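The values are calculated or read from the model by the stated rules, or taken from the named source; none is laboratory data. Just so it is clear, the structure is predicted and the values come from calculations on it, not from any experiment. Here the Cβ positions follow ideal geometry from the backbone for every residue, glycine too, while neighbour counts run over all protein chains shown. Protein only, heavy atoms only, side chains kept; ligands, DNA and RNA dropped before computing areas. Shrake-Rupley method; radii C 1.70, N 1.55, O 1.52, S 1.80 Å.
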Amino acid sequence: QVQLVESGGGLVQPGGSLRLSCAASGFIVDHYPIGWFRQAPGQERVAIACISMHDDRSNYPDYVEGRFTISRDKSKNTVYLEMNSLQPEDTAVYYCAMDTRRSLCSLIEMSYDHWGQGTQVTVST
């Protein structure tokens with residue numbers, strides 16, 4: 001059974017940081033591209049970051065470049081998203097997902113086959 005479980009969300013003040021975790025079961029995270037996405041209330045789901053299989057090659061959209069970092073811990077079979085300098089517009093449900101068909105990661109949502117349930121991140125005073 002393929003399963004992705006996000007954790008680490010919560011309430012943080014503007015300018016603060018959070019580290020999200022995506023714990024994988026049923027597959028090895030190093031064997032597939034993994035992506036992070038988010039969906040704010042009333043908006044479409046958008047890509048945040050992705051990491052390719054076997055190595056640390058990653059991609060980010062402009063709106064998080066320099067603030068968010070994706071990484072992988074092979075020993076824990078977990079992918080992380082470190083978020084710094086958080087702003088109210090970063091408030092959203094954050095999801096991780098895996099791509100079973102490719103080796104290089106993509107920021108296109110339809111590339112991903114399996115999704116977690118999401119974790120809420122709220123940036124507010």
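How many residues does the range 84-125 hold that are outside any loop (DSSP other than H, G, I, E, B), in contact with a Ser or Thr (Cβ under 8 Å, 6 or more places away or on another chain), closer than 18 Å to Cys50 by Cα and not hydroxyl-bearing (Ser, Thr, Tyr)?
2
All but one of (1) touching a residue at least 60 places away in the same chain (Cβ under 8 Å); (2) assigned to a strand (DSSP E or B); (3) under 16 Å from the mean Cα position of the chain (by Cα) hold for Leu11, so report the exception by its number.
Result: Leu11 passes all but (3).
Assuming Leu81 fulfils every condition listed in (1) touching a residue at least 60 places away in the same chain (Cβ under 8 Å); (2) in a loop (DSSP other than H, G, I, E, B) apart from one, which condition is it?
(2)
Kindly check whether there is at least one residue in the range 23-37 that is in contact with a helix residue (DSSP H, G or I) (Cβ under 9 Å, 6 or more places away or on another chain), surrounded by 12 or more Cβ atoms within 10 Å (Cβ to Cβ), at positive phi and in a loop (DSSP other than H, G, I, E, B).
Among the residues of the range 23-37, not one is in contact with a helix residue (DSSP H, G or I) (Cβ under 9 Å, 6 or more places away or on another chain), surrounded by 12 or more Cβ atoms within 10 Å (Cβ to Cβ), at positive phi and in a loop (DSSP other than H, G, I, E, B), which makes the answer no.
So Arg57 passes all but one of these: (1) open to solvent by 40 Å² or more (accessible area, probe 1.4 Å); (2) at pLDDT 95 or above. Which condition number does it fail?
Looking at each condition in turn, Arg57 falls short on (2).
Would you call Gln87 at pLDDT 95 or above, surrounded by fewer than 17 Cβ atoms within 10 Å (Cβ to Cβ) and in contact with a Pro (Cβ under 7 Å, 6 or more places away or on another chain)? Before you say what the answer is, go through the steps one by one.
Details: at pLDDT 95 or above: yes; surrounded by fewer than 17 Cβ atoms within 10 Å (Cβ to Cβ): yes; in contact with a Pro (Cβ under 7 Å, 6 or more places away or on another chain): yes.
So Gln87 passes the test.
I need the full set of residues from the range 8-20 which are closer than 17 Å to Ser71 by Cα and open to solvent by 30 Å² or more (accessible area, probe 1.4 Å), in order please.
Here is the first cut: in the range 8-20, the residues closer than 17 Å to Ser71 by Cα are 8-9, 17-20.
Those that are closer than 17 Å to Ser71 by Cα and open to solvent by 30 Å² or more (accessible area, probe 1.4 Å): Gly8, Gly9, Ser17, Leu18, Arg19.
Give Ser106, Ser111, Ser75, Ser52 a once-over and let me know the one that is of a type in the set (Gly, Ala, Ser), open to solvent by 70 Å² or more (accessible area, probe 1.4 Å) and more than 18 Å from Ser17 (Cβ to Cβ).
Details: Ser106 fails: open to solvent by 70 Å² or more (accessible area, probe 1.4 Å); Ser111 fails: open to solvent by 70 Å² or more (accessible area, probe 1.4 Å); Ser52 fails: open to solvent by 70 Å² or more (accessible area, probe 1.4 Å).
Of Ser106, Ser111, Ser75, Ser52, the one residue that is of a type in the set (Gly, Ala, Ser), open to solvent by 70 Å² or more (accessible area, probe 1.4 Å) and more than 18 Å from Ser17 (Cβ to Cβ) is Ser75.
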